[in-house]
Amino acid sequence: MMKVIKAGKSQEEVVANDTKVSEIVAGALKDVEIRGDQAVRELSAKFDKWTPESFRLSDAQIQEIVEQVPSSVIEDIKFAQKNIQAFAQAQLDSLNDVEVENIPGVILGHKNIPVNSVGCYIPGGRYPMVASAHMSVLTAKVAGVKRVIACTPPINGEIPNATIAAMHLAGADEIYLLGGIQAMAAMAIGTESIESVDMIVGPGNAFVAEAKRQLYGRVGIDLFAGPTETLVVADHTADAEMIATDLLGQGEHGPTSPGALITTSEKLAYETIEEIARQLETLSTADVASVSWEDYGQVLVVDSIEEARVEADRLAFEHVEILTENPDYFLENMTNYGCLFLGPETNVAYGDKVIGTNHTLPTKGAARYTGGLWVGKFIKTVTYQKVKPEASAYIGEYAARLCKLENFEGHAKQALLRVERYGKN
């Protein structure tokens, strides 16, 4: 039976916070829809204190910014992008068009077509999320998207040079120094100066995630990717130092980032809590990580690895590290997660920054029904049919009867017209 050693905020408190965010986002989106560029400019001034003559960076500005980035940083960015591009290409290669002759003379098929335009959000704020440029812009380009635009906010009134360089190297067609709700609204709704896109993608804070939720339908989205979540599943073979390091390493993302430990060892559970307290004394980002751990941290003790798997699937977290004697048990049996990190040799930071899998992953239980961002998210699988005359007459008789069964007389007439036209042959 599961024992709760530490619990985070209640569901009621989480819902109350979400409601406040939803109201703010709804007002901002409506304002942009009505007033366009002027609303975007005012929102940028309010939230980012940023009102340039143009939010879009020119080619000359981009080139100047890239030249300011140290060559060692450029090389690191290229290393990460090489890995991400290679994995995205392998995923793309697994997608095949299909065409079959189901019945003689009846040809059915599907085609994989990339969406025409995508807007990518690259988070900024306290942390310049350079890696998000690789994950969204580069993956969209591998998928074959013709127009990829990208937005990132200024950081304390300054241009995040490395992020801009990563966006450029990833292949962004347009780069805007614009953040938050106003960036999502401009890309999805469009303004006088920013042409709207067909799809918006990328991680972000609670306001960005809520903007995506409210804009869904008007445009496509990748998934609901809110504050980062990290779960560690551990048994007696794991150690508290590694668990604490990995949980706090993700908790520093923001004060609402959940971190959880499920373990078969009550001794390890208490050791981890103590180790987290010890590490927070020296962690430079403790002001954020301590809040996320205090408000959203969980520690659960279970009787068996099987029960750990059940509880892990119930939480359906974004990142799941497996620090157990047999990590492959979870690969073979677990179903609800964004990305699995199997064994102590890997960790969430590898996935976040460099290894090749995508870091935009489902949060808030969305892992129950979707995976993360990948090349296939930018591709529409659409169907078609071609029918020879004699086959049309044959199919038409079945179609007419089935349409009449459902009282669709007009549908039946479509089928019977083909029976009459082509059945004579």
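The values are calculated or read from the model by the stated rules, or taken from the named source; none is laboratory data. The structure displayed is predicted, hence computed values, not measured ones. Neighbour counts run over all protein chains shown; Cβ positions are idealised from the backbone, glycine included. Ligands, DNA and RNA are excluded from the accessible area calculation, which covers all protein heavy atoms including side chains. Shrake-Rupley method; radii C 1.70, N 1.55, O 1.52, S 1.80 Å.
A few remarks follow.
- Scanning the stretch 211-253 for residues that are part of a strand (DSSP E or B) and open to solvent by less than 10 Å² (accessible area, probe 1.4 Å) turns up VAL219, THR230, LEU231, VAL232, VAL233, ALA234.
- Number of the condition not met by LYS146 [criteria: (1) free of Cβ contacts under 8 Å to residues at least 40 places away in the same chain; (2) open to solvent by less than 20 Å² (accessible area, probe 1.4 Å)]: (2)
- The set of residues from the stretch 302-347 being surrounded by 15 or more Cβ atoms within 10 Å (Cβ to Cβ), out of contact with any Asp or Glu (no Cβ under 6 Å at 6 or more places or on another chain), of a type in the set (D, E, K, R) and closer than 20 Å to LEU223 by Cα comprises just one member, ASP313.
- Complete set of residues in the stretch 49-92 that are under 21 Å from the mean Cα position of the chain (by Cα) and without any contact (Cβ under 8 Å) to a residue 24 or more places away in the chain: LYS82, ALA90
- Only listed residue being without any contact (Cβ under 8 Å) to a residue 12 or more places away in the chain, out of contact with any His (no Cβ under 9 Å at 6 or more places or on another chain) and part of a helix (DSSP H, G or I), chosen from GLY396, GLY376, GLY410: GLY410
- Candidates are the residues of the stretch 275-287 that are farther than 16 Å from ALA260 by Cβ and of a type outside the set (A, V, I, L, M, F, W, C); the one that is least open to solvent (accessible area, probe 1.4 Å) is THR285.
- Every residue from the stretch 37-48 that is charged (D, E, K, R) and open to solvent by less than 80 Å² (accessible area, probe 1.4 Å): ASP37, ARG41, ASP48
- Matching residues in the stretch 49-86 - criterion: being of a type in the set (S, T, N, Q), open to solvent by 70 Å² or more (accessible area, probe 1.4 Å) and under 22 Å from MET187 (Cβ atoms): THR51, GLN61
- Identity of the residue in the stretch 169-189, in contact (Cβ under 8 Å) with a residue 60 or more places away in the chain and assigned to a loop (DSSP other than H, G, I, E, B), that ends up farthest from VAL25 (Cα to Cα): LEU178
- Filter pass, PHE207 being surrounded by fewer than 22 Cβ atoms within 10 Å (Cβ to Cβ), part of a loop (DSSP other than H, G, I, E, B) and either of a type in the set (A, V, I, L, M, F, W, C) or in contact with a strand residue (DSSP E or B) (Cβ under 6 Å, 6 or more places away or on another chain) (or both): no
- Residue check for SER290: assigned to a loop (DSSP other than H, G, I, E, B), at pLDDT 95 or above, out of contact with any Ser or Thr (no Cβ under 9 Å at 6 or more places or on another chain) and surrounded by fewer than 24 Cβ atoms within 10 Å (Cβ to Cβ): no
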